[in-house]
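Working notes, beginning with the structure itself.
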Amino acid sequence: MPGIGKNILAAICLLLLLPAMTLVWAKDLRKSPQYCAACHADPYYSSFSGLSDSLAYQHSQRGVSCQTCHDRTLSESWDEWATHITGAYTVPLKEREFSMDEMCFDCHTSYKKMVPLTTPERLGSERNPHDGHWGVLECGVCHNMHRESVDYCAGCHNRVTTAPGWVPAPPSDYKK
């Protein structure tokens, strides 16, 4: 009968070890961009994976993952999995609002520090988009992570950039 005790002990260890291993696996999985792709394929994952000229793709090329900006707690991840498994969501998914300034400045520090990085000489343009007469604008006025960004200055002036992933702003009635 001593073998029964070992079998029971092994079963108890397995029952304790399996959930722990699942939690470790889940923690690592939710940090993978492919985790996001299960629900957020277009335009989010496709823009990140190189099917566009978006800022998300540029960030991915520098090793920045989705979760750098969209961090998830384990509890939020479990809720998302349950929603995905049960199908209790609408398509398209509701867009979430984020303070881009808050997120952008986690890495890009401040608007003021962007000015020397975007001089006309560096950009090959007529003006510095971060040193304009409108003062400090929210990052999201021009920058879109998962869609084309908008050359806001082009609403009144010549375009600042014709780089891929950028579109001109609609023309304005007010010309400078």
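The values are calculated or read from the model by the stated rules, or taken from the named source; none is laboratory data. Given the structure is predicted, the values throughout are model-derived calculations rather than measurements. As a convention, Cβ positions derive from the backbone with ideal geometry for all residues, glycine included, and neighbour counts pool all protein chains shown. In case anyone asks, the SASA skips ligands and DNA or RNA and just uses the protein heavy atoms, side chains included. Shrake-Rupley method; radii C 1.70, N 1.55, O 1.52, S 1.80 Å.
Collect the residues in segment 87-103 that are β-branched (Val, Ile, Thr) and either at positive phi or open to solvent by 100 Å² or more (accessible area, probe 1.4 Å) (or both), keeping them in residue-number order. First the steps, then the outcome.
Step one: filter segment 87-103 for residues β-branched (Val, Ile, Thr), giving 90-91.
Within segment 87-103, just Val91 meets the criteria.
Here are some residues: Pro164, Pro171, Pro120. Which one is touching a residue at least 60 places away in the same chain (Cβ under 8 Å) and surrounded by fewer than 18 Cβ atoms within 10 Å (Cβ to Cβ)? So that I can check it myself, show each step before the final result.
Details: Pro171 fails: touching a residue at least 60 places away in the same chain (Cβ under 8 Å); Pro120 fails: touching a residue at least 60 places away in the same chain (Cβ under 8 Å).
After applying the criteria, what remains is Pro164.
Within segment 146-160, how many residues turn out to be closer than 20 Å to Ser60 by Cβ, open to solvent by less than 60 Å² (accessible area, probe 1.4 Å) and either in a loop (DSSP other than H, G, I, E, B) or among the aliphatic types (A, V, I, L, M) (or both)?
Step one: list which residues in segment 146-160 are closer than 20 Å to Ser60 by Cβ, which gives 146-149.
Next, from what is left, pick out any that are open to solvent by less than 60 Å² (accessible area, probe 1.4 Å): 146, 149.
In the following step, the residues that additionally are either in a loop (DSSP other than H, G, I, E, B) or among the aliphatic types (A, V, I, L, M) (or both) were identified as 146.
The qualifying residues number 1.
Residue-by-condition table, conditions (1) in a helix (DSSP H, G or I); (2) open to solvent by 90 Å² or more (accessible area, probe 1.4 Å):
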| position | (1), (2) |
| --- | --- |
| Phe105 | yes, no |
| Pro116 | yes, no |
| Gly132 | no, no |
| Val136 | no, yes |
| Asn144 | no, no |
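Of the residues Ser52, Ser75, Ser60, Ser47, only one is modelled with pLDDT under 85 and open to solvent by less than 70 Å² (accessible area, probe 1.4 Å); which? If you could, list the steps in order and put the result at the bottom.
Numbers: Ser75 fails: open to solvent by less than 70 Å² (accessible area, probe 1.4 Å); Ser60 fails: modelled with pLDDT under 85; Ser47 fails: modelled with pLDDT under 85.
Every option except Ser52 fails the conditions.
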